[in-house]
Structure formats: structure tokens, C-alpha cells
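I have placed the structure first, in the form of C-alpha cells, so that the comments after it can refer back to it.
The values are calculated or read from the model by the stated rules, or taken from the named source; none is laboratory data. Just so it is clear, the structure is predicted and the values come from calculations on it, not from any experiment. Here Cβ is always computed from backbone atoms with ideal geometry, including for glycine, and neighbour counts include all displayed protein chains. Side chains included, ligands, DNA and RNA excluded: accessible areas come from the protein's heavy atoms. Shrake-Rupley method; radii C 1.70, N 1.55, O 1.52, S 1.80 Å.
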Amino acid sequence: MSVVLETTIGDLTIDLFTKERPHSCKNFLKLCKLKYYNFCLFHHVQSNFVAQTGDPTGTGSGGQSVYGILSGKDARYYEGEKKPKIKHDRPGLVSMVNCGDNLIGSQFFITLGEDTTCSLDEHIVFGEIAEGHDVLLKLNETICDATHRPYQDIRITHTVILEDPYSDPDGLIVPCQSPEPPLEVLQSDRIGADEDITEDIDIEELEEKRQEKEALARATILEIVGDLPSADIAPPENVLFVCKLNPVTSDDDLQIIFSRFGKIVSCEVIRDKKSENSLQYAFVEFDNQKSCEDAYLKMDNVLIDDRRIHVDFSQSVSKIKWLGKGRGVKYTDKDDEGKNISDKYSKYRNKKRDSHVSRNNYIKNKMSIHESKRHRNDDKNYRYRESEKEERVPYNKYGRNDKDENRRREKDDKMKKNYRNEGERKNHRNERDGKNEKDDKNKRSNRDDRNKRSDRGDRTKRSDRHDRDSRR
């Protein structure tokens, strides 16, 4: 019973000890059948000791047995076989990793040294490398970092089962094809398996190469989420980022201080949009790269307004807008496409001032439009209420009068035709208000006359009553 492991550096053929380790061999075979080991990383390689893999997460703390896949987390591990005892006494032995208390998951390792019995006694040997010893030599000679993680990306790409003597457990669904590589594999910061690594390259060069690839991977992620227009885009080399500023430091102060290194195209202290308070960092743009470098070397940790500032090269590309995959980029300012990025920054200040003025004008126009609409709505509502008062038809026991209803509708139509402009409506409103005032005065005068007459009548009645009483 054998299994072929296809890796990025070659193929390994494993002969399984099915008689001595039936449970471990069954677990390994079913995991291979499920393509569980595809794209698993050799995350721990120690020269003349072991090469460990079998963790899909690549951290050394993941993985589960086939029973955990079928039954859940409670069955993540199974108990491995203790007898018969097989020693790790030669290279090429394949062992399941003991996770504690003789519990086995999916991780396994291959021995690379002659005698590792003392340190690996607790782990369970279940197979041996039959073919592919040249691949073991490559694994043994790979260059690793301080955590024994290879700089080169070495993975299992595919598993082929030559013979399976065990029946499948209930609920096992075998995939019809190999899975697609996960995102972690495509964006790995390790050196690719297809890249050449010669013996002349030392560890420092490999570390530098790994860091470059890691930076590219991070830039690709930022491009995917939309924070960068392109992973290959670079910030301008003539712009400085200045931070730890005093809140009282202004644009003019910085421009005067930095102008001794060369001509300044723009200098801007970033401020809060609402409060206009300084956010205590700024961008200073020079007309050439040499002046920018001189300022970077001499102005870091300089005291300005009782604060020691920090100066660095700007990494911001926020002024460039990504139009989508394959459509390029566009500057946020109009008519700036194809120009130097410094030309764009120099216009930002004036644009900000113009946008502030235009925004105020827009708000004033909007308020005037809103006021005119409100007056028109008030006139319409008032006219509608007046027409209702004048043309309201009284109810009686026989219902509403149809002739009066038709007369009211005709008057409404005439009124709508007569009110053609705002001036006529205002004149009509003034006339109606004056008429109402006259009516109110007449009503008050009539009420006063009635009161006077009633008082006069009361006085005459009292005088007559008094005369009659005196005659008696």
C-alpha cells in the first residue's frame, strides 16, 4: 500500500505500515482521498532532523483527522497506536505528530537524520519513503529562518493513492477534482518554488528578497480592497511627510523653515474639515528630489514651536484615483492627467479655497430657492382655504345643493386663470387684507354703537323707575 506525494521540489513515494499502524494508515489515506493535503506547506524544516507538514493553515497549530471532518470538532483527534513500537533510527521515516496524550490529527513529518529516536520517541511511525530520496536531500539542504521556516515556498501539490485496502467511513464524500489553490498560497510572501536559489546567495539576500515579495503581497491586497490604484504605483520622491507638529504651527511657518533647502512648490498643514484645527502633520513638496533629500537628512528631530518634529518621505498616493482594472488611473484635479504629480499638489490649496466659496454660494442659492417654494406653497394653501370659506355649500336635510357646487367649481377655475404671476397674487392678498381690516373696523364700530344704545336705554329705565318710586 503506497501513496505518492507530489511536491514543488519533486515526488515522494511512501510505503505504509498497514499491519502495524492500521488506524494511522486509514486516517492518512482518507485525508489524501479528500485532497486534504493539497497545497499544505512544509512549515518546519530542521536540517538532519525533520521536515514537518500536514497543516492547511501553515502555522503548525491546525489540522484535524478525517473523523473530525466527518463528525465535528469533538472528534478532531483520535488515539494513535502505541504498539508495536517503531524507532526513528534512519532518515525517510514518516510519522504522525503526537499532539499530546497520544492524540493524532493530520500533521506528519519525515525524518532527515540518521538517529532521532530519543527526541521523537512519542510520535507514531506509520510509513517510509520508498522513492524520492533526492527530494529528501533538497529538503535537508533548504535555507530556513530562525524559526526553521523555509524561505522558499515548498508545498504538497497533489496526492495519489496507489492502493487503499480500507473501506470509506460513513459520510465521506470524495471530491471529483483537485481544489483550487487558496488565496494564502497565491499571495505568499515566501520565495516561489519555481524561482532559482543558487548556493552563492547568502541568508541576508534571501531575507531581503522575501521582504520585497512580502511588500508586493501587501500592496496587492491594498489594491484589491481599493486603497491603492495599483500595486506597482510609487509615491512622489519630492514630497516630505512632517508629523508631531505643534497645533499653532501654520503653513507659512513651515514654508519659511523648509525654503532654505530649495524651492517649495506647496506646503500644507492638514486640518480637520469641520473645526479647522490642525491635525499636527503636514506635507511639504519641493521642486526637485535633491532638495527633498537634504531636508530629510537635516530636519528630522528639529525643534519647531517647542515640539521636536519627525520627517520622512511621503508614502501617500491618495490624490490618484483608480478607474478600475485595465483602465488606468486619474488625478483628482481636473485637466491634470499626464502631468507631474507635483503640478497637481501645487493646485490643491487654491482648489480648496475655490471649493469653499462655491459651496457657500451653492448653499445660498439653495436657500433662496427653498424660500420661494415655501412662499408659493403658502399662497396656494391660503387661496385654497379662502375659496373653501367663500364657496362652502350649507348642508340641509335634503343634502348638498348641486347648483351651488357647480358655481363654486366655476369660481375656482376662474381664480386659477386670473392668478398668472406673483405680482397679481400679492396685490390680491393686499386688497383682501385691507378689506378684512375695514370689515373688522365696521364690526367694532357697530358693536360699540349697540353697547352705547343699550347703556342709554338702561339709564332711562333706571330714571323712570326712580321717578315712579318718588311719586309714590
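Exceedance of the 29 Å cut-off in Cα-Cα distance is limited, within the set LYS213/LYS263; LYS83/LYS138; LYS26/LYS73; LYS33/LYS138, to LYS213/LYS263; LYS83/LYS138.
Report note on the peptides 23-35, 49-61, 453-465: ranked by the mean count of other C-beta atoms within 10 Å, highest first, their order is 23-35, 49-61, 453-465.
Taking one quarter of the surface of the C-alpha convex hull of region 100-145 gives a mean projected area of 4.6 nm². Here GLU114 sits with roughly 130 square angstrom of accessible surface, probe radius 1.4 Å.
Modelled this way, with points 7 Å down the Cα-to-C-beta line, the labels at ARG450 and HIS310 are 8.8 nm from one another. Taking each residue as 0.36 nm, the span from ASN246 to ARG407 lengthens on full extension beyond its C-alpha to C-alpha distance by 50.1 nm. The alpha-carbon atoms of region 50-155, seen along their principal axes, cover 39, 32, 26 angstrom, with the largest extent given first. Projected onto its three principal axes, the C-alpha set of region 1-75 covers 36, 29, 21 Å, listed from the longest axis down.
Applying 1/(1 + (r/R0)^6) with R0 = 30 Å to the Cβ-Cβ distance of LEU279 and ILE224 gives a FRET efficiency near 0.60.
List the residues of region 119-154 whose backbone N lies under 18 Å from a point placed 7 Å from the Cα of ILE161 along the Cα-to-Cβ direction. From region 119-154, the list is 126-128. Placing a label point 7 Å from the Cα of LYS263 along the Cα-to-Cβ direction, the residues of region 278-307 with a backbone N closer than 20 Å are 284-296.
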